[in-house]
Amino acid sequence: KFSIVIAGGGSTYTPEIILMLLDNLDRLPLRSIKLYDNDEERQNHVAKACEILIKEKDPTIQYVATTDPEVAYTDVDFVLAHIRVGKLEMRSLDEKIPLKYGVVGQETCGPGGMAYGLRSIPGVLENIEYMEKYSPNAWMLNYSNPASIVAEACRRFKPNSRVINICDMPIGMEHTIARILGFKSRKEMCIRYYGLNHFGWWTSIKDKDGKEYIQDLIAHQLKYGNCLADDDASYYTDSSWFDTAKKVKDIIAIDPTMCPNSYFQYYLFGDDMVAHTDPNYTRADQVVDTREKRVFGECARIEKVGTAKDTTLQIGIHAEFIVDLATALAFNTHERMLLIVPNNGAISNFEKDAMVEIPCIVGKDGYEPLTVGEIPHFQKGLMEQQVNCEKLVVDAYEQHSYLKMLQALTLNKCVPNANVARKILDDFIEANKAYWPEL
Ligand code: G6P
Ligand code: MN
């Protein structure tokens, strides 16, 4: 049986990830679940409810919520890392500062993602160091954002660490693709995909017999985006994900040869995104008013009544990749999964030392990437611009360099010119005083 620590215990995602772990005990048997956060007060919103969820499912599983890294990281097999340095308050500024200048305000795309990257790097490195100190044989399944920049920092500063960088977004999208194409589950599909994190394309969707569906998918998306029909909002309980699902129509019209990650809406249609965003009420505000209220409210209720038997919390199905990945590492299943890994020639006409998101085979010794081959000019051009932004952010962190950060922002596709880049950067420096290295 395995022992897990969730780093970033105070996340609104934690209770639903725990429900997902508890729902998969037959695949991944657990002896211990720990929550770790450096913010005790925040973690306390969910800690007691998580204890009740676990006790009621399997009282033999040990449980602790702690702010002590030694307690958290001692005797663990898997670290599930989803830390958010600066929390939602800083996410809000990542979104609002660029919007002040008419630029996309988003937590992982554009300037906001870069600001977040510079905050995240030291936090992630610190957690890797705890793991290596207290449980050197553990694996970290790292889905801390912004995943691309964080992954590049891992490659550069912790090249030999047992860290696997992964994102849930492609899995969410594959649920949607399966639904559009009429598969019962995404696991009935064998896919090919390449790109950077939040920046890639599906190039093939095959069924078990090898029949190709990518053209059917593209034909559908050209008409309806990621919706089943024109106004099919039912699947998207969240209005901003519904808007994204519709926007996919415009994205795919730019290149109807492959199925794009919906995050391209920010890079290719930044003007439309800005026009539809209230600069004073952004996604961070929505998340606080909806998900955070719902999850923390329900956790408080569970704590009060002392039972979770009627809970409205739902199993985080988008997080099932965590169990898939841990199971593959623990039991050598050779499952095929999309991971963020050093390119090393997998995409033959792309930089070797770029962190790319591609299918890999996962077993007990880690992952082996599959080859992609040559990619077309449009994709390559976009990826080169983006990957160099990401590398410049890590340069800025490493060298405490204002200039590198200015170059990163200037190069980004969401930013129109160097004047705007400089203004955004100067505001970010002011806002991130408590987090950024001094540039
Ligand atoms: C997807 C992405 C994550 C991102 C999240 C934002 O799941 O893969 O990287 O953090 O969306 O969702 P939110 O509801 O917080 O805007
Ligand atoms: Mn992601």
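The table for this structure:
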quantity: Pair Asp230, Arg179: separation of 7 Å Cα→Cβ label points (nm); calculated: 2.0 nm
quantity: Where Cα atoms sit under 28 Å apart: lysine pairs in segment 158-274 separated by 8 or more or lying on different chains; calculated: 27
quantity: Two-site FRET efficiency, Lys206 against Glu438, from Cβ-Cβ distance with R₀ of 60 Å, rounded to 0.05; calculated: 0.70
quantity: Top of Asp75, Asp365, Asp310 by mean-square fluctuation, Gaussian network on the chain, Cα under 10 Å; calculated: Asp310
quantity: Set of aspartates and glutamates with alpha-carbon distance to Lys413 below 13 Å, sequence-local pairs under 8 removed; calculated: Asp271, Glu384, Glu390
quantity: Rounded to whole Å, sorted largest first: equivalent-ellipsoid semi-axes of segment 94-181, Cα gyration tensor; calculated: 27, 21, 9
quantity: Calculated Rg and Dmax of segment 19-99 using C-alpha coordinates, Å; calculated: 15.4, 50
quantity: q = 0.06, 0.11 Å⁻¹: log10 I(q)/I(0) that the Debye formula gives for the chain, counting C-alpha atoms only; calculated: -0.24, -0.87
quantity: Amide H partners (placed H, <5 Å) of Asn226, local residues excluded; calculated: Lys246, Val248, Lys249
quantity: Whichever aspartates and glutamates have a C-alpha closer than 13 Å to that of Lys391, once near sequence neighbours (fewer than 8 apart) are set aside; calculated: Glu152, Glu351, Asp353
quantity: Cα-projected label distance for Ala275 with Glu292, points at 7 Å along beta-carbon direction, nm; calculated: 3.1 nm
quantity: Fluctuation leader among Lys304, Lys391, Lys423 - the chain, Gaussian network, Cα springs under 10 angstrom; calculated: Lys304
quantity: Distance between modelled label sites at His377 and Glu70, nm, 7 Å Cα→Cβ extension; calculated: 6.1 nm
quantity: Given charges at beta-carbon only (K, R positive; D, E negative), |dipole| of the chain in Debye; calculated: 300 debye
quantity: Contour minus Cα-Cα distance for Asp365 and Ala219 (0.36 nm per residue); calculated: 48.6 nm
quantity: In order through segment 199-208: 3J(HN,Hα) via Karplus (6.51 cos²θ - 1.76 cosθ + 1.60), integer Hz, x for Gly, Pro; calculated: 6, x, 9, 8, 10, 7, 10, 10, 8, 4
quantity: Built amide H within the under 5 Å cut-off of Tyr194, gap 5+; calculated: Trp201, Thr203
quantity: For segment 417-430, Karplus couplings with θ = phi - 60° (6.51, -1.76, 1.60), whole Hz, Gly/Pro x; calculated: 7, 6, 4, 5, 4, 5, 4, 4, 4, 5, 5, 5, 4, 4
quantity: Whichever lysines have a C-alpha closer than 18 Å to that of Lys48, once near sequence neighbours (fewer than 8 apart) are set aside; calculated: Lys34, Lys57, Lys293, Lys304, Lys309
quantity: Under-5 Å amide H pairs with Glu335, H placed in peptide plane, nonlocal only; calculated: Val362
quantity: For the chain, built as a Gaussian network whose Cα springs stay under 10 Å, the top-fluctuating residue of Trp241, Trp202, Trp139; calculated: Trp241
quantity: Kirkwood-based shape ratio for segment 199-252, expressed as Rg/Rh from alpha carbons; calculated: 1.03
quantity: Percent breakdown of C-alpha pair distances by 10 Å bin, ordered from the shortest bin, for segment 60-207; calculated: 10, 30, 30, 24, 5, 0
quantity: Computed magnitude of the charge dipole of segment 97-175 (debye, nearest 20; Cβ of K, R +1, Cβ of D, E -1); calculated: 240 debye
quantity: Dipole of the chain, positive end: most advanced residue of Tyr193, Ile97, Ile317 [Cβ charges, Cα centre]; calculated: Tyr193
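Taken together, the values in this text are just the output of simple stated rules run on the coordinates, not laboratory data. If you're wondering where the values come from, they're calculated on a predicted model, not measured in any experiment. Every residue, glycine among them, receives a Cβ derived from its backbone with ideal geometry; neighbour counts consider all protein chains shown.
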